[in-house]
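*Asks:* There's a structure below that I have some questions on.
The values are calculated or read from the model by the stated rules, or taken from the named source; none is laboratory data. Keep in mind that what you see is a predicted model, and the values were worked out from it rather than measured. Here the Cβ positions follow ideal geometry from the backbone for every residue, glycine too, while neighbour counts run over all protein chains shown. Note: accessible area is taken over every heavy atom of the protein model, side chains too, but ligands, DNA and RNA are not part of it. Shrake-Rupley method; radii C 1.70, N 1.55, O 1.52, S 1.80 Å.
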Amino acid sequence: MASSSPFLIVAIDGGAASGKSSTARALAARFPFLHVDTGAHYRAITAEMLRRGILPEETAVTRALGDLVLGTRVHNGAALLEIGGRVPGEEIRSPEVNAAVSHFAALRPVRAALLEYQRGQTSVAQAHGFRGLIMEGRDIGSVIFPDAGLRVFLHADPEERARRRAKEGQQDSVAERDRLDSSRQHAPLTCPPGAVDINSTHLSLEDVVARVAALVNAHIATAP
Ligand code: C5P
């Protein structure tokens, strides 16, 4: 990658278990780009609310959010959300968080708290010498970075996605989360106009990564 290439933002959106995280991780290993998993942000906030016994309701959540100090730790090419100086652990993948996260993510104060934080990840990436950002989520190409240099939308048949989660040993209702995420009022899950839509149902992870890597390379080659 030429040292003069401009900073590139790659937005990867898609439903639950559509392959976003595996794809984003593999790309971050190939390119000098910082990986940011925004699903982990919503999960971390959800785990914290559950720990405090707070229900997904605007007033209580707004009050609790005011106490949270968010930070970022960069580790192995990935940016991790810190809450009060601590990176939450595997509790963010628990069945309780899987069941509650879409309800917290639908609340405007939660999305507002994370919007600026997520946009600020470009500065984190630049401060650590990365040449780009690979951010994955539901609203990255539509709301967080509508001007991202490259926007990709991944999808796969629901049966295949449920099979992937079960293979990971996770108890997770992917269809229900997608229903909630697609139908909410604020920043719903959607394929933004201009995004490259990839159906990964019958593709291996390597195939998906190769396709997106080719798009990144094409973008770099034509960058001014
Ligand atoms: O990506 P993951 O499945 O870990 O995301 C967990 C949940 O976080 C999603 O089901 C969704 O409710 C929420 N989310 C979101 N916007 C994002 C990323 C995740 O609402 N950009």
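*Asks:* Scan (1) under 22 Å from Asp181 (Cβ atoms); (2) away from the ligand (no atom under 13 Å from the Cβ); (3) open to solvent by 20 Å² or more (accessible area, probe 1.4 Å); (4) among the aliphatic types (A, V, I, L, M) for the single condition Leu115 breaks and write down its number.
*Replies:* All conditions pass for Leu115, except number (2).
*Asks:* Given the residues Ala29, Ala60, Ala78, which is the only one that is open to solvent by 60 Å² or more (accessible area, probe 1.4 Å) and more than 10 Å from the ligand (Cβ to nearest atom)? Outline the logic, then answer.
*Replies:* Values: Ala60 fails: open to solvent by 60 Å² or more (accessible area, probe 1.4 Å); Ala78 fails: open to solvent by 60 Å² or more (accessible area, probe 1.4 Å).
Sole residue among the options that is open to solvent by 60 Å² or more (accessible area, probe 1.4 Å) and more than 10 Å from the ligand (Cβ to nearest atom): Ala29.
*Asks:* Which of the residues spanning region 175-215 are within 15 Å of Ala105 (Cα to Cα) and in a helix (DSSP H, G or I)?
*Replies:* Glu176, Arg177, Asp178, Arg179, Leu180, Asp181, Ser182, Ser183
*Asks:* Now a separate question. Hey, any hits in region 6-17 for a residue that's open to solvent by less than 60 Å² (accessible area, probe 1.4 Å), away from the ligand (no atom under 16 Å from the Cβ) and either without any contact (Cβ under 8 Å) to a residue 24 or more places away in the chain or at positive phi (or both)?
*Replies:* For region 6-17, residues open to solvent by less than 60 Å² (accessible area, probe 1.4 Å), away from the ligand (no atom under 16 Å from the Cβ) and either without any contact (Cβ under 8 Å) to a residue 24 or more places away in the chain or at positive phi (or both): absent.
*Asks:* Can you tell me which of (1) exposed (fewer than 14 other Cβ atoms within 10 Å of the Cβ); (2) within 13 Å of the ligand (Cβ to nearest atom); (3) at pLDDT 90 or above; (4) among the acidic types (Asp, Glu) is the one Asp157 doesn't meet?
*Replies:* (2)
*Asks:* I would also like to ask the following. Return yes when Leu55 is away from the ligand (no atom under 13 Å from the Cβ), more than 21 Å from Ala162 (Cα to Cα), touching a strand residue (DSSP E or B) at 6+ places or on another chain (Cβ under 8 Å) and at pLDDT 95 or above and no when it is not.
*Replies:* Numbers: away from the ligand (no atom under 13 Å from the Cβ): yes; more than 21 Å from Ala162 (Cα to Cα): yes; touching a strand residue (DSSP E or B) at 6+ places or on another chain (Cβ under 8 Å): no; at pLDDT 95 or above: yes.
So Leu55 does not fit the description; no.
*Asks:* OK, next. Taking the condition of being surrounded by 14 or more Cβ atoms within 10 Å (Cβ to Cβ) and farther than 26 Å from Ala29 by Cβ, how many residues in region 192-224 meet it?
*Replies:* Matching residues across region 192-224 total 0.
*Asks:* Oh, and also: Within region 184-224, how many residues turn out to be hydroxyl-bearing (Ser, Thr, Tyr) and over 18 Å from the mean Cα position of the chain (by Cα)? Write out each step before concluding.
*Replies:* First pass over region 184-224, keeping only residues hydroxyl-bearing (Ser, Thr, Tyr): 190, 200-201, 204, 222.
Now narrow it down to the ones that are over 18 Å from the mean Cα position of the chain (by Cα): 201, 204, 222.
Count: 3.
*Asks:* Just to be sure I understand, how many residues within region 153-172 are free of Cβ contacts under 8 Å to residues at least 12 places away in the same chain and either of a type in the set (A, V, I, L, M) or part of a loop (DSSP other than H, G, I, E, B) (or both)?
*Replies:* Narrowing region 153-172 to residues free of Cβ contacts under 8 Å to residues at least 12 places away in the same chain: 159, 163, 166-169.
The next check asks that each one be either of a type in the set (A, V, I, L, M) or part of a loop (DSSP other than H, G, I, E, B) (or both); those that pass are 166, 168-169.
Residues in region 153-172 being free of Cβ contacts under 8 Å to residues at least 12 places away in the same chain and either of a type in the set (A, V, I, L, M) or part of a loop (DSSP other than H, G, I, E, B) (or both): 3 in total.
*Asks:* Take the residues in region 123-152 that are in contact (Cβ under 8 Å) with a residue 40 or more places away in the chain and assigned to a helix (DSSP H, G or I), then tell me which one is nearest to Arg73 (Cα to Cα).
*Replies:* Among those that are in contact (Cβ under 8 Å) with a residue 40 or more places away in the chain and assigned to a helix (DSSP H, G or I), it is Val124.
*Asks:* Residues Glu96, Glu90: which one is open to solvent by 60 Å² or more (accessible area, probe 1.4 Å) and either within 15 Å of the chain's Cα centre (by Cα) or more than 22 Å from Arg63 (Cβ to Cβ) (or both)? Break it down into steps so the answer makes sense when it comes.
*Replies:* Values: Glu96 fails: either within 15 Å of the chain's Cα centre (by Cα) or more than 22 Å from Arg63 (Cβ to Cβ) (or both).
Result: Glu90 is the single residue among Glu96, Glu90 that is open to solvent by 60 Å² or more (accessible area, probe 1.4 Å) and either within 15 Å of the chain's Cα centre (by Cα) or more than 22 Å from Arg63 (Cβ to Cβ) (or both).
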